[in-house]
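We did not get these values from a lab; they are worked out from the coordinates using the rules stated. No experiment lies behind these values; they were computed from the predicted model shown.
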Amino acid sequence: MTRKPMNPAPKARKGRKAGRRHPLASVALIAIGLLFTGGAYAAFSTTTASAESDANSQQTIDDGEKLFAANCATCHGLSAQGSGDGPSLIGVGAASVDFQVGTGRMPLQMQGPQALKKPVQFTEEQTAALAAYVASLAPGPAIPEGEVLDGQGDAAVGAELFRINCAMCHNVAGAGGALTEGKFAPSLADVSAVHVYEAMVTGPQNMPVFNDMNISPENKRDIITYLKYIEDNPSPGGLAIGSLGPVAEGLFIWIFGLGAIVALTVWITAKSN
């Protein structure tokens, strides 16, 4: 009995099937390659951006130093260490510079009881450069940003805090008031939120410093909200008489009220005669 010859072809086909690459293998390799390439590019871009940011920051500080030497060093010293004509600025922070320069109080126009608000002498970019330079000398309050400036806090809480901490100088309506020795608390009308916040954290002129231990950032936001509210809703009860409170109201009554009574008395007396 003869055996039938075995056909090796199926084994060969099976071998080819076993060695064949999966159809998705190429897709997977391409995806892995793109992933590594994208990751490397992102890392390189981040490093480059950081380097550029650092370079720009240093450039800003250098520009601020030049502006300081040309405009501020006469009073504050070449290294901002202070002199007989101006205090040291080491540690005052960027917020103090932004407030003083951004409101035109600095450079000082003339010596006096306090610096007066006047037209701003520098552009926003120059002010930022000066602030960056002073901030680089020592840690200090930074320029505020974010929701603490949005005026969306609690106006009622802000009104209470303002009456307790600020009204004795600035008046309950923020109209300002006189102090001693020719000094005064300025009006807070048309003052930007960032400058109000900076004044609280830096204490310019005769104003005390209200740090975060005294008044939290949230409560500072409430005070800004209150000031914005009274600015948008002036004198709902009628004539404000300068918003100076009972002194102005009493003076008005004495001059016009009693004056009218005296005039009426004189008229009646003359009529009867």
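Each principal axis of the Cα cloud of the stretch 96-207 was taken in turn, and the coordinate range along them, longest first, works out to 37, 37, 25 Å. The Rg/Rh ratio of the stretch 144-235, with Rg taken over Cα atoms and Rh as the Kirkwood radius over Cα pairs, comes to 0.94. Gain on full extension, evaluated as 0.36 nm per residue between PHE252 and GLN152 minus their Cα-Cα distance, stands at 32.3 nm. Using a cutoff of 8 angstrom between alpha carbon atoms and counting only pairs six or more residues apart, the relative contact order for the stretch 144-235 works out to 42 percent.
Taking the Kirkwood radius as Rh and the Cα radius of gyration as Rg, the stretch 56-143 has a ratio of Rg/Rh equal to 0.93.
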